[in-house]
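All remarks here apply to the structure that follows.
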Amino acid sequence: MIAAKEKSKKEPGAETEAPELSSKSSKSSEQAGESFMSEVLGGPPSPPALGDLVEGKVLGFDKAILYVDLSPFGTGVIYGREYLNARDIIKNVSVGDHVAAKVVDPENADGYIELSLKEARQALIWGEAEEAIKEKKIFELPVKDANKGGLIIEWQGLTGFLPASQLKSEHYPRVADGDKDKIHEELRKFIGTKLLVSIIAAAPKEGKLIFSEKSPDGKEKEKIIGKYSVGEVVEGVVTGTVDFGVFIKIEEGLEGLVHISEIDWALVENPKALFRIGETVKVKIIEIKDGKVSLSIKALKENPWREAEKKYKKGDVVEGVIIKFNRHGALASIEEGVAGLVHISEFGSEEKLREKLELGKRYTFKIVLFDPKEQKMALSFVDKDKSK
């Protein structure tokens, strides 16, 4: 057996030349000690302390024990649980190889310096994660799983989390009512796909690694938005259609929403039936607020209420087609983009209203309220059967 510290007998077949301890040994961000500061500063080196990362040459193996030369401080040993935890690493290690390890006991009962390869590897990876945050590195990583809050991503053997809020706008689950089960269903579609992501937070103590698909530089988005102004007409590509509107990519890194009320002057009930993904459309920017851009398609069309103002007035008798029922009554279209409400109170109940008026059928009405500037019209049903 290899002796600890002052004992210098080597395992048969092991290297006889004692390697110098690397001065390049790194420390974990939370547990870095001052063990090698004196060496860096040119003074005599200090013995390894708990939590230090050290490097040494593999001296040999003895059943489930690995010995590492940590001259001039003695011999390091990896055994028991630490050996089992690192068996995937150890199977690729040979006598004479240099390995990095973490000190878990500066001096055990037998005089050895107990080491952990697994913890060392993890410490080095967390260090790489912190460097990746500073350098804003981008990685292409596969999505392993999903939950109601986001996606599970693996990097360097560490499991990380990509919150749904950190997805690019074109990948964000388009669920109008915020139903968590529906969001989960949408997020599961990403499992097995690869995303370009950056690390935005790393907490080794908590074992938390947070990813983002968005640009790591918020200032870059501000710069992009700064190129546009309210009232400007731009061209964009449809990236998503949902119950409440259409998402339009104006340029890489900038997307806006055309709310359903801004799609057309006429009633729109299903945006998905009007637009297809990848379609190019012209839109008008109507608001820029809190990093969000609101767009309009109907603002590029002639306002039909302006012409209606010249043609109709309160008291006129007109014809209209029933296009929708709501809790207030029935909506009747007088012409394209101009509709009025037939209030439910005129019939006493929704059931009686639906007995008199049917979707898609044309009826005669009297205009009882007309405010074209506010785009409001109220109608009263003219029951021809009663007038006979």
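For first residues located in segment 181-208 and of a type in the set (Gly, Ala, Ser), partners that are surrounded by fewer than 16 Cβ atoms within 10 Å (Cβ to Cβ) and part of a strand (DSSP E or B) and lie 6+ apart or on another chain with Cβ distances below 9 Å form the pairs Gly192/Pro142; Gly192/Lys144; Ser198/Phe139; Ala201/Lys208; Ala202/Lys208; Gly207/Thr159. Beta carbons closer than 6 Å, at least 6 apart along the sequence or on distinct chains, never pair a first residue in segment 73-94 that is outside the structural domain of Gly56 (by TED's automatic domain parsing) with a second that is surrounded by fewer than 12 Cβ atoms within 10 Å (Cβ to Cβ).
Identification of strands (runs of 3 or more DSSP E) wholly contained in segment 218-284 with 1 or more residues that are in contact with a His (Cβ under 9 Å, 6 or more places away or on another chain) and either under 30 Å from Val321 (Cβ atoms) or in the same structural domain as Ile200 (by TED's automatic domain parsing) (or both) yields 245-251.
If only residues of segment 108-122 that are crowded, with 17+ Cβ neighbours inside 10 Å and more than 18 Å from Glu154 (Cβ to Cβ) are counted, the one that is farthest from the chain's Cα centre (by Cα) is Tyr112. Being free of Cβ contacts under 8 Å to residues at least 40 places away in the same chain and assigned to a loop (DSSP other than H, G, I, E, B) is the filter here; which residues of segment 317-349 pass it? Hits for segment 317-349 are Arg327, His328, Phe347, Gly348, Ser349.
Here's a check for you: in segment 109-135, which residue that is part of a loop (DSSP other than H, G, I, E, B) and touching a residue at least 24 places away in the same chain (Cβ under 8 Å) is farthest from Glu55 (Cα to Cα)? Restricting to residues being part of a loop (DSSP other than H, G, I, E, B) and touching a residue at least 24 places away in the same chain (Cβ under 8 Å), the top hit is Asp110. State yes or no: is Gly245 under 22 Å from Glu186 (Cβ atoms) and free of Cβ contacts under 8 Å to residues at least 40 places away in the same chain? Yes.
Considered as a group, the residues in segment 371-388 that are acidic (Asp, Glu) and either under 23 Å from Ala266 (Cα atoms) or modelled with pLDDT of 95 or more (or both) include one that is surrounded by the most Cβ atoms within 10 Å (Cβ to Cβ), and that residue is Asp371. Among residues of segment 355-370 being under 51 Å from the mean Cα position of the chain (by Cα) and over 12 Å from Gly340 (Cβ atoms), the one that is surrounded by the most Cβ atoms within 10 Å (Cβ to Cβ) is Leu357.
From Lys272, Lys292, Lys314, Lys352, which residue is charged (D, E, K, R), without any contact (Cβ under 8 Å) to a residue 12 or more places away in the chain and surrounded by fewer than 16 Cβ atoms within 10 Å (Cβ to Cβ)?
Values: Lys272 fails: without any contact (Cβ under 8 Å) to a residue 12 or more places away in the chain; Lys292 fails: without any contact (Cβ under 8 Å) to a residue 12 or more places away in the chain; Lys314 fails: without any contact (Cβ under 8 Å) to a residue 12 or more places away in the chain.
Just one listed residue meets the conditions, Lys352.
The values are calculated or read from the model by the stated rules, or taken from the named source; none is laboratory data. Quick caveat: nothing in here was measured; it's all calculated off a predicted structure. Using ideal geometry, Cβ is built from the backbone for each residue, glycine included, and neighbour counts are taken over all protein chains shown.
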